[in-house]
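What follows is one structure encoded as structure tokens, with my remarks underneath.
The values are calculated or read from the model by the stated rules, or taken from the named source; none is laboratory data. Computed from a predicted model, the values in this text were never measured in an experiment. Here the Cβ is made from the backbone with ideal geometry for all residues, glycine too, and neighbour counts use every protein chain on show.
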Amino acid sequence: MPIMRRILIELRVSLIATLSLAVILCGIYPVFIWAIAQGCFPGKANGSLVVIDGMIRGSSLLSQNFAGARYFHPRPSAAGAGYDAASSGGSNLGPTSRKLVDAIQRRVTDYRRENNLRAGVLVPADAVTCSASGLDPHISLRNALLQASRVARARGLSESDVRSQIEICSEGRDLGIFGEPRVNVVTLNMALDNRVR
């Protein structure tokens, strides 16, 4: 077989294989996965959006900068200027970094002052350290319970009502064994806002 004919046959086979894979992997497979996601868990497939009164208020997967005494505060964020989903990421500061040590000491002091904590009360690590993404919406149960008194006073609610809401919004370990029990700050704060209306 002449070499030119062999090249043309190989070229034809390569083009057919490339086009077939493009149709399968760039068309059929994504549509198939999209259809399964929309059919089985549409809320998660569409970003786990929190909708209140017909308005999208956020996503339960992304933290927001809740400030003020009436809100539970999320973990600190190093994402962009803070809680910037377009600049997700941590600070990349290591344990020997003076900048990190100073920032944590400042956050511990601020946390104690905001929540009226005595000097002997331990501040949860997640209250003063950033998550790897800078957008983690979860805090530990201990962190939430230490903030409950401040939030209750600011909202004019009883502390037991706020603690009850923490319990309602708390999540257990994944599959019953992975991680720690936690609270989603976004859903907790929005539940409290919605309750006041």
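In the range 79-132, how many are among the hydroxyl-bearing types (Ser, Thr, Tyr) and in contact with a Cys (Cβ under 7 Å, 6 or more places away or on another chain)?
Residues of the range 79-132 that are among the hydroxyl-bearing types (Ser, Thr, Tyr), as a first pass: 83, 87-88, 91, 96-97, 109, 111, 129, 131.
Restricting the remaining residues to those that are in contact with a Cys (Cβ under 7 Å, 6 or more places away or on another chain) gives 91.
Final tally of qualifying residues: 1.
Do we have Ala148 as modelled with pLDDT of 90 or more, among the small types (Gly, Ala, Ser), surrounded by fewer than 18 Cβ atoms within 10 Å (Cβ to Cβ) and under 24 Å from Asp193 (Cβ atoms) here? Quick ask: steps written out before the conclusion?
Numbers: modelled with pLDDT of 90 or more: yes; among the small types (Gly, Ala, Ser): yes; surrounded by fewer than 18 Cβ atoms within 10 Å (Cβ to Cβ): no; under 24 Å from Asp193 (Cβ atoms): yes.
Judged against the criteria, Ala148 is not a match.
Are there helices (runs of 4 or more DSSP H) fully within the range 1-65 with at least 3 residues that are surrounded by 10 or more Cβ atoms within 10 Å (Cβ to Cβ), under 33 Å from the mean Cα position of the chain (by Cα) and among the aliphatic types (A, V, I, L, M)? List them. Spell out the reasoning first.
Numbers: elements: 3-23, 29-40, 42-45.
Those helices (runs of 4 or more DSSP H) span 29-40.
Looking at (1) surrounded by 10 or more Cβ atoms within 10 Å (Cβ to Cβ); (2) part of a loop (DSSP other than H, G, I, E, B), which one does Ala81 not meet, given that it meets all the others?
(1)
For the range 95-110, which residues satisfy the criterion of being surrounded by fewer than 12 Cβ atoms within 10 Å (Cβ to Cβ) and touching a Leu at 6+ places or on another chain (Cβ under 7 Å)? Don't jump to the end; show me each part of the working.
So the first thing to find is which residues in the range 95-110 are surrounded by fewer than 12 Cβ atoms within 10 Å (Cβ to Cβ), and the list is 95-96, 98-99, 102, 105-106.
Lys99 - this is the single residue of the range 95-110 that is surrounded by fewer than 12 Cβ atoms within 10 Å (Cβ to Cβ) and touching a Leu at 6+ places or on another chain (Cβ under 7 Å).
Output yes when any residue across the range 157-167 is within 23 Å of Ser48 (Cα to Cα) and either surrounded by 15 or more Cβ atoms within 10 Å (Cβ to Cβ) or touching a Leu at 6+ places or on another chain (Cβ under 8 Å) (or both), and no when none is. If you could, list the steps in order and put the result at the bottom.
In the first step, residues of the range 157-167 are kept if they are within 23 Å of Ser48 (Cα to Cα); the result is 165-167.
Applying the additional criterion that residues be either surrounded by 15 or more Cβ atoms within 10 Å (Cβ to Cβ) or touching a Leu at 6+ places or on another chain (Cβ under 8 Å) (or both) yields 165-166.
Checked the range 157-167: at least one residue is within 23 Å of Ser48 (Cα to Cα) and either surrounded by 15 or more Cβ atoms within 10 Å (Cβ to Cβ) or touching a Leu at 6+ places or on another chain (Cβ under 8 Å) (or both).
Kindly check whether there is at least one residue in the range 135-150 that is closer than 18 Å to Leu93 by Cβ, in the same structural domain as Pro74 (by TED's automatic domain parsing) and not aliphatic (A, V, I, L, M).
Start the filter on the range 135-150 by keeping residues that are closer than 18 Å to Leu93 by Cβ, which leaves 135-136.
When the remaining residues are screened for being in the same structural domain as Pro74 (by TED's automatic domain parsing), the result is 135-136.
Remaining after also requiring not aliphatic (A, V, I, L, M): 136.
Yes - at least one qualifying residue is present in the range 135-150.
Here are some conditions: (1) under 21 Å from Gln64 (Cα atoms); (2) out of contact with any Ser or Thr (no Cβ under 6 Å at 6 or more places or on another chain). Asn184 meets all but one. Which one does it not meet?
Status for Asn184: all satisfied but (2).
If the requirement is being closer than 26 Å to Ala127 by Cβ and without any contact (Cβ under 8 Å) to a residue 40 or more places away in the chain, which of these qualifies: Ser77, Ser48?
Details: Ser77 fails: without any contact (Cβ under 8 Å) to a residue 40 or more places away in the chain.
Residue meeting the stated conditions: Ser48.
Any idea how many residues of the range 83-102 are within 14 Å of the chain's Cα centre (by Cα) and either at pLDDT 90 or above or among the charged types (D, E, K, R) (or both)?
Going through the range 83-102, the residues within 14 Å of the chain's Cα centre (by Cα) turn out to be 83-90.
Restricting the remaining residues to those that are either at pLDDT 90 or above or among the charged types (D, E, K, R) (or both) gives 84.
Selection size over the range 83-102: 1.
Take Ala86 and tell me if it is of a type in the set (A, V, I, L, M, F, W, C) and in a loop (DSSP other than H, G, I, E, B). First the steps, then the outcome.
Numbers: of a type in the set (A, V, I, L, M, F, W, C): yes; in a loop (DSSP other than H, G, I, E, B): no.
When the stated conditions are applied, Ala86 does not pass them.
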